[in-house]
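Asker: First, the structure itself, so that you have it in front of you.
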Amino acid sequence: MTPGVTPGASPDGGGRRRPPDGPAGAALPDDAETAERELAAGTAPTASLAPGGRRISWQKWTCMPAFLAAALLATWLWFRGARLDSIAHQAVDHGKVWLALRQHVQLTAISTVFVLVIAIPLGIALTRPWLRRATPVAMAFANLGQAVPALGLLVLLVIWLGIGARSAIVGMVVYAVLPVLANTLAGLRGIDPTLTEAARGIGMSPMGVLSKVELPLAVPLILAGVRTALVLNVGTATLATFGGGGGLGDLISAGIITQRMPVLILGSVLTVALALLVEWLASLAELLLRPRGLEVAT
């Protein structure tokens, strides 16, 4: 036995004694204290998802579709048993419900495509040094779209562009640009500058830094903005009926004007169901399109 050394311990290179070996996998006291400090500070490393790990639980896949199916089935059974007079039949017969639903989906899809084409490239451009000074002006115009009441904006567009779906689509685009633009700016501005500097330091071009570093890191916030814009467009599309744009607003308007509660309830339930379905699909897309490196194991 070496003099001055207790059994079960051996001196290290710095003259300090190593504590006795404990059970396999036990952490040293210093390591445990460090881990506790990092956890308290929020800087503890997180484990990423294992390759091939499931990103979406089965509850996420099934709960919302099951709820929507039950709600629509209950509404259909109630509507079939309701007593409809000739005025109510005139509002819903001859495929008018399916026509209104198809028009509503088309209005939402077309306006959302235009929102993405406008807001995301504009948000990227406003984070570049050569256009950064124009950010307050662009955000002021985007905020103006939501500051004006949607119905008043639609009326102004009808006066300018005339009656039809075009006025409704333009109004929906103006109304839904703000969340996508604001989230794109926030996502790109929130990136750690050291990451982009490191990418430039290894010789990446500005376009390479944008496509391989900045946009992947900003994807979660951008997708959240798109999700918000989709739900906004579903709701705003109901106002298209006042500009001759069609949609489920036709049923709601007909139910109010003719005072036929079944027609009003049918249009309202279909609008809410469509909004919930779109929100569910957007949430799935947000989870599936999120880069795997940004996910953590739970």
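Asker: Output the residues belonging to region 262-296 that are open to solvent by 50 Å² or more (accessible area, probe 1.4 Å) and at pLDDT below 90.
Answerer: Result: L287, L288, L289, R290, R292, G293, L294, V296.
Asker: Looking for something touching a helix residue (DSSP H, G or I) at 6+ places or on another chain (Cβ under 8 Å), closer than 30 Å to I257 by Cα and touching a residue at least 40 places away in the same chain (Cβ under 8 Å) - is there at least one such residue anywhere in region 220-230?
Answerer: Checked region 220-230: at least one residue is touching a helix residue (DSSP H, G or I) at 6+ places or on another chain (Cβ under 8 Å), closer than 30 Å to I257 by Cα and touching a residue at least 40 places away in the same chain (Cβ under 8 Å).
Asker: Same structure, new question: Within region 83-122, how many residues turn out to be surrounded by 13 or more Cβ atoms within 10 Å (Cβ to Cβ) and not in a helix (DSSP H, G or I)?
Answerer: 1
Asker: Kindly indicate which of G247, G235 is open to solvent by 20 Å² or more (accessible area, probe 1.4 Å), in contact with a Ser or Thr (Cβ under 8 Å, 6 or more places away or on another chain) and either in contact (Cβ under 8 Å) with a residue 12 or more places away in the chain or in a helix (DSSP H, G or I) (or both).
Answerer: G235
Asker: Does region 158-170 include one or more residues that are within 22 Å of the chain's Cα centre (by Cα) and open to solvent by 20 Å² or more (accessible area, probe 1.4 Å)?
Answerer: yes
The values are calculated or read from the model by the stated rules, or taken from the named source; none is laboratory data. Treat the numbers as computed from the prediction; the structure is a model and nothing was measured. When we count neighbours, we look across all protein chains shown, and the Cβ atoms used for this are built from the backbone with ideal geometry, even at glycine. Side chains are part of the model used for accessible areas, which takes the heavy atoms of the whole protein and leaves out ligands, DNA and RNA. Shrake-Rupley method; radii C 1.70, N 1.55, O 1.52, S 1.80 Å.
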